[in-house]
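Below: the structure, in structure tokens.
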Amino acid sequence: VAEFSFTDEQAQLRSAVRKFCADNCGEEAARRLMESDPSFDRTVWGRLGAELGVLGLSVPEDDGGAGGTLVDQAIAVEELGAALACGPLFGTAFLAIPALVAASAGPVRTELLPNLVEGRRTAAFAVADRAGAFDPAALPVTASDSGALTGAVERVVDGGAADDLLVAATGPDGVALYAVDAAGPGVERNSLATLDLTRPQASIRFTDAPARPLAGPDEADRVITHAFQVGSALLAVEQVGAAQHLLDLAVGYAKTRMQFGRPIGSFQALKHKLADMLVDIEHARSSAYHAVWALTDGSDDPALAASIAQAVSSAAFTRIARDTIQVLGGIGFTWEHQAHLYFKRASTDAALLGSAEQHRSRVAELVLDNASADRAPWVATGAPA
Amino acid sequence: MCTVADSDRVAELARQVVAEHDPRNVPIPDYLGACYDAGLSWVHFPEGQGGLGVSRGLQAVADRILQGAGGPVPLGLNPMGYGMAAPTIREHAQDDDLKRSWLRPLATTEDLWCQLFSEPGAGSDLAGLATSAVRDGDDWVINGQKVWTSLAHRARWGLLLARTNPDLPKHKGLTYFVIDMHGPGVETRPLRQLTGQAEFNEVYFTDARIPDAHRLGAIGNGWGVAMTTLMNERSALGGSGSRRGAGTISDAVSLWAARPDLHTPVLRDRLTQLWLRSEAQRLTSERSRAAAGVGGPGPEASIGKMVGAELNQHIYEWCMDLLGAEGILYHGYAKKMDPDSEGDWRGPIQQRFLRSRANTIEGGTSEVMRNILGERVLGLPGDLRADTMAWKEIPRG
């Protein structure tokens with residue numbers, strides 16, 4: 001399907017996820033879950049996987065998925081982002097499942113994928129990234145000859161409650177990706193208090209932890225890089241969904257909040273701020289879905305498309321979250337109002353898998369450093385024409 | 001509907017025109033006349049008026065063949081004619097004979113057109129304009145002044161918005177006309193702009209006359225008719241190339257590549273931000289094209305116009321910052337009295353930098369664009385108005 005063309009089935013998928021979120025996610029659920037341990041509802045997560053089938057939309061049918069495209073997965077993620085859905089989306093759906101799909105067939109892949117897709121188990125991706133890219137030279141975990149892992153990975157999103165951990169480690173033959181049972185021996189997890197209470201993290205220490213190889217040295221780099229690129233695109237789409245929710249909220253408030261005897265949205269100072277937020281969300285949506293399409297049909301360099309999406313969407317969501325609080329005024333600074341939940345998600349999403357600045361830097365490397373001077377424009381020198 | 005049969009027919013007709021009138025050998029008006037007679041000037045217009053009554057999306061099929069064979073881009077030769085006058089005439093002229101008599105010479109570019117909307121006292125507040133049209137028998141008598149009129153000195157016809165009833169609220173007292181730019185009482189003077197060029201004109205009307213038959217739309221409905229024209233203008237201004245890195249950003253990127261001696265990390269990051277915004281806007285245009293299919297221009301074109309205008313300014317500001325002391329030289333302000341509408345954009349970086357100041361003013365200021373986005377797209381309430389009384393009682397100055 002041509003880029004940016006959505007099918008009727010995709011529109012139905014969007015409505016179904018939106019309906020599910022209206023019943024099971026949203027502010028009230030988030031407030032309840034962010035105070036609990038684990039900070040998500042295993043029953044709702046299981047229904048997202050088994051009933052709604054939105055955790056593995058782009059997973060082949062033979063592996064227990066829906067056999068759709070990454071565009072389908074993105075649509076579901078956008079809606080879940082709008083509703084601030086709580087659960088290990090980042091660890092499981094953004095990174096672990098794409099890594100497993102990219103890995104060659106094997107018993108570990110066959111065992112793990114269906115359970116993650118069905119929402120029976122969750123996963124975390126214990127691979128430190130360097131601004132959304134994989135750096136095999138800097139791995140903090142080593143694998144012994146017998147495949148036992150030793151080392152520590154800091155700040156693993158969704159790592160505290162995950163059942164399966166995907167861990168990159170340097171072994172005797174090189175860098176490989178391993179699967180570790182989080183409940184097994186030699187795994188020590190320390191939950192960390194996070195700015196965004198709905199997106200938990202843990203530091204994980206491995207001490208001779210039994211591990212099974214998932215992607216060997218011949219393909220680990222490709223598999224992990226692919227997972228980070230898909231994760232970057234899906235994280236960008238989540239930001240688009242959440243930012244749109246905030247823009248709708250801010251616009252609705254500006255239409256009804258009366259000051260000086262008139263709706264505050266009639267003041268140009270606010271109207272123009274909201275117009276700029278609209279431009280930002282439209283740019284973010286275009287960039288995020290472009291990355292999704294690039295990863296679907298290979299129509300663009302996935303590294304460049306993912307960095308464009310991350311740079312644009314992270315900047316857009318943080319700006320929109322910031323400005324939404326400003327439009328709301330005092331109420332927007334209270335714990336009671338939902339704005340801060342999204343603002344904290346915005347700060348978190350912007351930092352995960354590389355900041356806007358880091359991705360901008362990568363875009364510069366890709367498009368500026370080898371640019372051609374062939375069509376350089378004329379510069380006047382002071383000599384009369 | 002856009003059918004395969006229609007598409008084949010358009011392509012076949014275009015190939016026939018090219019075969020019978022090789023654009024490399026026949027004069028441009030003859031070639032464009034042949035296009036008009038074949039119904040290929042604007043394929044969605046009715047037959048006999050330069051169209052075929054088929055889907056607007058098929059124009060691209062015709063243009064690919066007609067321009068691919070070496071034919072001109074008519075929008076560049078008669079921009080107000082093709083971009084604004086033709087759709088307005090088609091929708092609002094009083095009868096088919098009149099439509100045909102205007103459209104064919106417009107299409108051939110023998111008759112150029114101009115747009116007479118803005119006035120010294122009515123820019124963003126276009127509906128407040130003061131040029132008057134007073135009925136006198138079968139004619140209207142026009143008095144007043146227009147400004148920022150491209151091509152007025154070469155145009156045969158002008159699209160004129162004038163006040164026919166000062167006793168009504170401002171939007172309701174306007175009527176839309178076509179005026180003969182060669183008629184008595186019409187005086188055109190070039191208007192020199194800050195680049196030194198004279199790309200635009202001032203036009204003065206002193207008892208100029210227009211037959212009532214040259215009125216477009218009903219008396220008092222000028223504002224509604226003008227909206228047809230303006231939406232087409234903003235759509236034309238907001239449209240951008242679909243190739244990554246094309247457009248204004250290519251000036252900055254190739255200048256960056258050409259001048260490694262001037263590189264700094266700060267300039268590199270600023271350029272990357274500009275590149276990203278250009279790319280995000282390009283992708284947004286692609287996405288709205290995919291969503292709109294074959295429809296006409298909508299309010300999302302206002303995003304493209306606004307972003308494109310501000311990007312142009314920021315990109316040339318960046319170029320000047322890169323050049324530093326070299327940038328404050330010029331090639332002279334030689335006055336050109338035969339305006340070339342694209343002269344500034346073909347000039348050196350410094351001239352483009354100066355010209356870009358107009359981008360956020362012409363065709364709707366960025367402030368008005370943000371009002372449109374806020375009110376028409378987001379549905380925010382309008383500002384409190386101080387101009388709802390009869391036009392003649394509105395404070396002016």
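Before moving on, here are some points about what is shown:
- Student exercise, chain A dipole from Lys, Arg, Asp, Glu Cβ charges, in Debye to nearest 20: 1520
- Dipole of the protein assembly as shown, positive direction: furthest Cα of B:Ala358, A:Ser5, A:Val117, with charges on the beta-carbon: B:Ala358
- Mean separation of Cα contacts under 8 Å (6+ apart) over length of the stretch A:204-320, as relative contact order %: 33
- Taken about its Cα centre, the stretch A:91-247 carries a charge dipole of about 260 debye when Lys and Arg each add +1 at the Cβ and Asp and Glu each add -1 at the Cβ.
- Shielding by partners for peptide B:265-272, expressed as the average number of C-beta atoms from other protein chains within 10 Å of each residue's C-beta, is 4.
- Taking N as its residue count, the alpha carbon Rg of the stretch A:110-231 over 2.2 N^0.38 Å: 0.99
- Rounded to the nearest 20, the Cβ-based charge dipole of chain B about its Cα centre (Lys and Arg +1, Asp and Glu -1) stands at 840 debye.
- With R₀ fixed at 51 Å, the C-beta to C-beta distance from A:Ser15 to A:Arg212 puts the FRET efficiency at about 0.80.
- Extension gain, B:Leu77 to B:Ala291, is 74.0 nm, computed as 0.36 nm per intervening residue step minus the present C-alpha separation.
- Relative contact order, percent, chain B [alpha-carbon distance under 8 Å, six or more residues apart]: 14
- Cα centroid separation - the stretch B:115-178 against the stretch B:6-78, whole Å: 33
- A simple count of charges around A:Ala294, restricted to other residues whose Cβ falls under 11 Å of its Cβ and scoring Lys, Arg +1 and Asp, Glu -1, yields -4.
- Fraction of antiparallel bridges per DSSP, chain B only, in percent to nearest 5: 80
- Length-normalised contact order of the stretch A:66-213 in % [C-alpha pairs under 8 Å, at least 6 apart]: 22
- Legend: calculated FRET efficiency, B:Thr3 to B:Arg243, from the Cβ-Cβ distance at R0 = 25 Å, rounded to 0.05, equals 0.30.
- Charged neighbours of A:Ala346, selected by a Cβ distance under 10 Å, balance to +2 (K, R count +1; D, E count -1).
- Computed over the protein assembly as shown, the alpha-carbon pair-distance distribution with 20 angstrom bins reads 14, 40, 32, 13, 2, 0, each value a whole percent.
- Residues of the stretch B:375-397 with amide N under 17 Å of a point placed 7 Å along Cα→Cβ from B:Leu168: B:388-394
- When the P(r) is computed for the stretch A:229-364, the part past 20 Å accounts for 46% of the Cα-Cα pairs.
- Inverse mean reciprocal Cα-Cα distance (Kirkwood Rh) of the stretch A:298-385, Å: 16.0
- Highest-MSF residue in chain A out of A:Gly298, A:Gly261, A:Gly160 [GNM, Cα springs under 10 Å]: A:Gly261
- Axis of helix A:220-256 versus longest Cα principal axis of chain A: the two differ by about 30°, to the nearest ten degrees.
- For the stretch B:342-397, the Kirkwood hydrodynamic radius comes to 14.5 Å, computed from all pairs of different C-alpha atoms.
- In terms of distances greater than 22 angstrom between alpha carbons, the cross-link table entries A:Lys344/B:Lys305; B:Lys146/B:Lys392; B:Lys99/B:Lys305; B:Lys172/B:Lys392; B:Lys146/B:Lys172; A:Lys273/B:Lys305 yield A:Lys344/B:Lys305; B:Lys99/B:Lys305.
- Gaussian network model of chain A, springs between alpha carbon atoms under 10 Å - residue of A:Ala215, A:Ala311, A:Ala254 with greatest fluctuation: A:Ala254
- Computed over chain B with a Gaussian network model linking Cα atoms closer than 10 Å, the most mobile of B:Arg355, B:Arg270, B:Arg346 is B:Arg346.
- Nearest-0.05 FRET efficiency for A:Asp8 and B:Leu262, computed from C-beta distance (R0 56 Å): 0.60
- Average beta carbon contacts from partner chains per residue of B:245-255, 10 Å cutoff: 3
- Antiparallel DSSP beta bridges within the protein assembly as shown, as percent of all bridges there, nearest 5: 85
Bear in mind these aren't lab numbers, they're just calculated from the coordinates by the rules spelled out. This structure is a prediction, so every number in the text was calculated from the model and none was measured. Here the Cβ is made from the backbone with ideal geometry for all residues, glycine too, and neighbour counts use every protein chain on show.
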